[in-house]
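For reference, the structure discussed in these notes is given below.
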Amino acid sequence: MEQPDYFDDGMGRVCKLLQSLYGLRQAPRIWYTMLGKYLRKCGFKRTKMNAGVYARRVGENKIFVTVYVDGLLIVGTESDIEMVLVELHSKFKIKDLVNVKHLPGMEITYVRGAHVDDLADGVLREDLDEVQDAELQTGAHSAGEGQLSDARQP
């Protein structure tokens, strides 16, 4: 990165960048790294099946945070979701879109009374089915059942 011409006084000085700029090539990586560090500080662990999914256990409950670019989807009980929102709001400027219906590549359905484990198991099984289908088509071997059980345990 260079200074604009009108800032160059011929002295060979440079600007000190105090924070990353939105729109830089590295901006998504910087954001993901910063968010990941904060989520880990809050007790979340990145799942082995998907680097964009973080999980945390609170008592008997599990909370999942999925990350897609600068959007987050939080899955858990209402009180657990509220707790995560408070934690995120203390560090980042966030906008709560409440009940999201669509995210890129997925449609979201809310099931009242369903247990988070049931929903997460279904999603992970669908992911595993897709991986296995891809393996059959390409002859490649990737994630197995052992890794799936690891991914479900935060």
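The table for this structure:
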{"item": "Residue order, fewest to most beta carbons within 10 Å, for Val69, Val84, Val75", "result": "Val69, Val75, Val84"}
{"item": "Label point distance in nm, Tyr68-Arg25, each placed 7 Å from Cα along Cα→Cβ", "result": "2.7"}
{"item": "For Arg57, Arg13, Arg46, order by how many other beta-carbon atoms lie within 10 Å, fewest first", "result": "Arg13, Arg57, Arg46"}
{"item": "Long-range amide H partners of Val58 with built H, under 5 Å", "result": "Ile63"}
{"item": "Ascending count of other beta-carbon atoms within 10 Å, so fewest first, for Tyr38, Tyr68, Tyr6", "result": "Tyr6, Tyr68, Tyr38"}
{"item": "Gained length - Ser79 relative to Asn99, 0.36 nm times residue gap less alpha-carbon distance", "result": "5.7 nm"}
{"item": "Förster radius 25 Å - calculated FRET efficiency between Asp8 and Tyr32, Cβ distance, rounded to 0.05", "result": "0.15"}
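The numbers here are math on the coordinates, done by the rules we state, and not lab data. Because the structure is a prediction, the values reported are computed rather than measured. All Cβ positions, even for glycine, are placed from backbone atoms using ideal geometry, and neighbour counts span all protein chains on display.
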